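Everything on this sheet refers to the single structure shown next.
The values are calculated or read from the model by the stated rules, or taken from the named source; none is laboratory data. Predicted model, so just to flag it, every value in this text is computed and none were measured. Cβ: placed from backbone, ideal geometry, glycine included. Neighbour counts: every protein chain shown. Side chains are part of the model used for accessible areas, which takes the heavy atoms of the whole protein and leaves out ligands, DNA and RNA. Shrake-Rupley method; radii C 1.70, N 1.55, O 1.52, S 1.80 Å.
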Amino acid sequence: MRLEYSYRTERFGAVRISPLQRVVEIDGSAADNEVERVQGDGSTRVVGRDTLRGIERDMVIVVPCMNEPRRVIEGVLAGIPHDCLIVLVSNSDRTPVDRYDIELRSLEEYCRLANRPALAVHQRDPGVGAAMKAAGMPEIVDESEGGVRRGKGEAMILAMALAAMSGRRYIGYVDADNYVPGSVHEYCKVYAAGLALADSPYSMVRIAWDSKPKVRDGRLFFSKRGRTSEVTNDFLNRLLAEYSGFGTDAIVTGNAGEHALSLELGLRMRMAGGFAVEPFQFVELFEQFGGVLPDASPVPPEVGVPMLQIGTCNPHFHDNKGDEHVQSMRFQALNVLYHSPVCPPSLRTEILDFLILQGALEPGQEPLRERVYPPVGTLALDRLYDVLAGEATSFRQFGHKVTAVTPRTVVPIERGVVHDTVRETSVLA
Ligand code: GDP
Ligand code: CO
């Protein structure tokens, strides 16, 4: 894969945000094992196929799904590179028709045909709730139903715990409501290329899709920006500008559902629930690695957190969930930014003004506090596995099994987040 080279990185402490870099060639080179090769005038980078493959072998691809048509999910699965481990986390209805059962059958058939493994779980299974509780995250459990709370962020947290059990080193997310299997394929390749280029144990890659096609007056219209992202990106950029004193439009992926990161980083990050999850990643990285909070211990100079934003060639053709959905996503993004200690008072005022103008708040009201969960690295994964295997009837493993877990110590990097309870598993073929 060949990518534009990105320079003029924005910094927020140890977090290095690269401005948008585009995919130049989806398949950019003959097989080679070089991480990167400077091309011609130095304006592009190529990541060789062997390097991509090496990362794919170490990557889990999570598909969060909720009532998507079977055919659409099957297309998404078909786009995921063969060497990635698939994790399906569903919040689909189980009555009057058990849609999760339909998803399981599709996944099982696919794994059989493609000869590859996958894990699947339903987030509202009470056994899954019991497992998360036993592992040390009772706050994610919906007490009235017993399962994990509804929400995309909650699904992503559960998926990260499963990914950590697999022993792989990277995790990437792709939405299940994507009609173009080829775009899913490109996203996963971009993850691998970006993680290879990032060259840090703590790295993140976020996708900026080329366009979102919509039907307008009987014609296809390829709109450049998402309506939610415009608002989220604008406020995140204002935050950067408040600290640097220089206006910027560097952040273009505030709501990127499609993103990947090293588990080394992911296991250390708190995560927000619902649709606050993606914008909160910025807030959390700025809090942990920004070096601006008075109570934060200094970030060691060797810790760098590169965040790459990569523009794909494929359009993002997904379900249009309507205006209300867009509004609620915008508000969730602004809620987490508003309540962050890194948000300066002037920006807080701007957020309040915006929310009042949009009719989301009455004057004098405070934005809602979104749920924020502790890092997945604080979970006891051995207990999670035992309860999942014993009580979660929705938990399925196709192709191979995760075995019992053995303890591993992860050295804390800062702010006293100790992760000595992180466990590592081995995966049997
Ligand atoms: P948008 O693309 O940002 O407008 O958001 P979507 O509504 O399309 O959601 C993105 C993806 O997350 C889709 O694949 C949804 O099925 C999935 N999703 C949304 N909410 C939940 C949830 O509560 N649980 C799970 N497991 N998936 C969810
Ligand atoms: Co969608």
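If you roll a 1.4 Å probe over region 2-425 with all protein chains in place, what percent of the accessible area is carbon or sulfur?
The computed percentage sits at 50.
If packing is taken as the average number of other Cβ atoms within 10 Å across a peptide's residues, how do 285-292, 340-347, 376-383 rank, most packed first?
Ranked by mean Cβ neighbours within 10 Å, highest first: 376-383, 285-292, 340-347.
How large is ³J(HN,Hα) for each residue in region 319-324, as worked out from phi by the Karplus curve 6.51 cos²θ - 1.76 cosθ + 1.60 (θ = phi - 60°), to whole Hz, x for Gly and Pro?
With coefficients 6.51, -1.76 and 1.60, one gets 6, 8, 9, x, 5, 4 Hz.
Can you run the Rg to Rh ratio on the chain? Use alpha carbon positions and the Kirkwood inverse-distance Rh.
Result for the chain is an Rg/Rh of 0.94.
Taking the chain as a Gaussian network, Cα atoms linked when under 10 Å apart, which of Arg112, Arg219, Arg168 shows the biggest mean-square fluctuation?
Sorting by GNM fluctuation, first place goes to Arg219.
Given the peptides 90-103, 199-212, arrange them by the average over their residues of other C-beta atoms within 10 Å, most packed first.
Per-residue mean Cβ counts within 10 Å order the peptides as 199-212, 90-103.
What's the magnitude of the charge dipole for the chain around its Cα centre, counting Lys and Arg as +1 and Asp and Glu as -1 at the beta-carbon? Answer in Debye, nearest 20.
It works out to roughly 460 debye.
Ordering Arg16, Arg225 from largest to smallest accessible area (1.4 angstrom probe), what's the sequence?
My answer, sorted largest first, is Arg225, Arg16.
Quick one: what are the phi-derived ³J(HN,Hα) couplings along region 255-263, Karplus 6.51/-1.76/1.60 with θ = phi - 60°, whole Hz, x for glycine and proline?
Values, residue by residue: 10, 4, x, 8, 7, 9, 8, 6, 5 Hz.
Sum -39500 (n - 2.57) across every DSSP H segment of at least 4 residues in the chain, then divide by the residue count to get the 222 nm mean residue ellipticity, nearest 500.
Using -39500 (n - 2.57) per qualifying helix, the result is -11000 deg cm²/dmol.
Stretched out fully, how many nm does the piece from Val215 to Gln365 gain, at 0.36 nm a residue minus the Cα gap?
50.2 nm
Considering only Asn314, Gly377, Ser144, whose Cα is most displaced toward the positive end of the charge dipole of region 2-425, charges sitting on Cβ of Lys, Arg (+1) and Asp, Glu (-1)?
So the residue furthest toward the plus end is Asn314.
Of Phe331, Phe222, Phe398, which has the most accessible area with a 1.4 Å probe, and how do the rest follow in descending order?
Order by accessible area, largest first: Phe222, Phe331, Phe398.
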